[in-house]
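Before any comments, here is the structure.
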């Protein structure tokens, strides 16, 4: 008797679960933030808009935005092509902004002659400019100080 009740209960649970899946699919489906199907490519302009001067920052200590494409830049454990222009030894000759001194300090605050390992991967903080659509609404207001 117990086995029969268990079998009926599990069959009922399976039927209700299946009916729930069918109902969810018929109710309009899942919509993405991209307003496109999951298998479609989200097209973003391939051109990068480099404005004159630097982009204004919205808050203190905000990492600057990269005003050029970094698609072909190699940044891995051995190579960082950003440093070919932005390292303090060559930035003046290249007309590129120099990295701040914080990039040449270790975790204990000691000055280094080379970029610290904790600052090696530039694109973990700095992102290139792109005219990409916003995925969600944003009501952020920049600081006045």
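Just so it is clear, none of the values below were taken in a lab; they were calculated from the coordinates. Keep in mind that what you see is a predicted model, and the values were worked out from it rather than measured. A quick note on method: Cβ atoms are made from the backbone with ideal geometry, for glycine too, and the neighbour counts reach across all protein chains shown.
Some observations on this one:
- Contact order relative to length of the stretch 85-145, as percent, for alpha carbon pairs under 8 angstrom and 6 or more apart: 16 percent
- Relative packing of peptides 72-78, 86-92, 137-143 - highest average C-beta neighbours within 10 Å first: 86-92, 72-78, 137-143
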